[in-house]
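As structure tokens, the structure follows; a few thoughts come after it.
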Amino acid sequence: MDDWPGYDLNLFTYPQHYYGDLDYVLIPHGIVVDRIERLAKDIMKDIGYCDIMVLCVLKGGYKFCADLVEHLKNISRNSDRFVSMKVDFIRLKSYRNDQSMGEMQIIGGDDLSTLAGKNVLIVEDVVGTGRTMKALLGSIEKYKPNRIKVASLLVKRTPRSDGFRPDYAGFEIPNLFVVGYALDYNEYFRDLNHICVINEHGKEKYRV
């Protein structure tokens, strides 16, 4: 909930170089891991046992994507139907410090025309306003994939949301700037396991 005070940092271990930079733990690492395992189950049940092209949105999505793909592969290994999974990576640039810059650039990834006729699963770290994801979907839809699904680890409740909801969401969170589990603030905090709320001191310390 919006007024959830979070978990006390003293209950957890986290890198010493971030002492003083965080307010509290929002989602402990163990809960994140369990939730991703469940998401993998839901995705496999929904998409069915067919080949999947995973499009990972870097950089924040890499840890979520790696763990999700590992669980999907485990499900495939333990079933009588083999599912081929290919992973490609793209980067979307839309943030400076903790502010969205409004426009989006797509960087990298193989030629998106290779997605034609494929079952595409976009893996993203956070959906905020939804504008970035809508722009990306618009770019991909031009190449006529068989279907596109979006999995996001976090969905923020923000008044600026345009109503976009991913097909699979790990957690819905208040409109907070969070770090950890590969989510960064100017490239810092990716080495933090738990998803935490950064404090003003931390923002100032690592501002560019």
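The mean accessible area for residues of the chain, using a 1.4 Å probe and ignoring ligands and nucleic acids, is 52 Å² per residue. Taking amide H as placed 1.01 Å from N in the peptide plane, the amide H of Val127 sits under 5 Å from that of Leu154, Val155, Lys156, each at least 5 places away or on another chain. Distance distribution P(r), the range 137-208, all Cα-Cα pairs, bin width 5 angstrom from 0: 3, 13, 18, 19, 17, 14, 10, 4, 2, 0 percent. Each Cα pair under 8 Å and six or more residues apart adds its separation to the average, and for the chain the resulting relative contact order is 25 percent. For Lys93, the aspartates and glutamates whose Cα comes closer than 16 Å to its Cα, not counting residues fewer than 8 places off in the same chain, are Glu103, Glu124, Asp125, Asp184, Glu187.
What percentages make up the Cα-Cα pair-distance distribution of the range 31-176 when the bins are 10 Å wide from 0? Bins of 10 Å from zero give 11, 43, 35, 10, 1 percent of pairs.
Of the DSSP H helices in the chain, those with a Cα length along their own long axis of 24 Å or more and a mean Kyte-Doolittle hydropathy reaching -1.0 comprise 29-47. Peptides 177-186, 6-15, 198-207 ranked from most to least packed by the mean count of surrounding Cβ atoms within 10 Å: 177-186, 198-207, 6-15.
Charging the Cβ of each Asp and Glu at -1 and of each Lys and Arg at +1, and nothing else, the dipole of the chain about its Cα centre rounds to 700 debye.
Pairs exceeding a 26 Å alpha-carbon distance, out of Lys63/Lys144; Lys73/Lys203; Lys59/Lys118: Lys63/Lys144; Lys73/Lys203.
May I ask you to give the percent of accessible area on the range 113-208 that is carbon plus sulfur, with a probe radius of 1.4 Å? Don't skip to the answer; put the middle values down first.
Numbers: 1980 of 4120 Å².
Within the range 113-208, the accessible surface is 48 percent carbon and sulfur.
The values are calculated or read from the model by the stated rules, or taken from the named source; none is laboratory data. This structure is a prediction, so every number in the text was calculated from the model and none was measured. Cβ coordinates were reconstructed from backbone atoms using ideal geometry, including for glycine residues, and neighbour counts include every protein chain displayed. All accessible areas refer to the heavy atoms of the entire protein, side chains included, with ligands and DNA or RNA removed. Shrake-Rupley method; radii C 1.70, N 1.55, O 1.52, S 1.80 Å.
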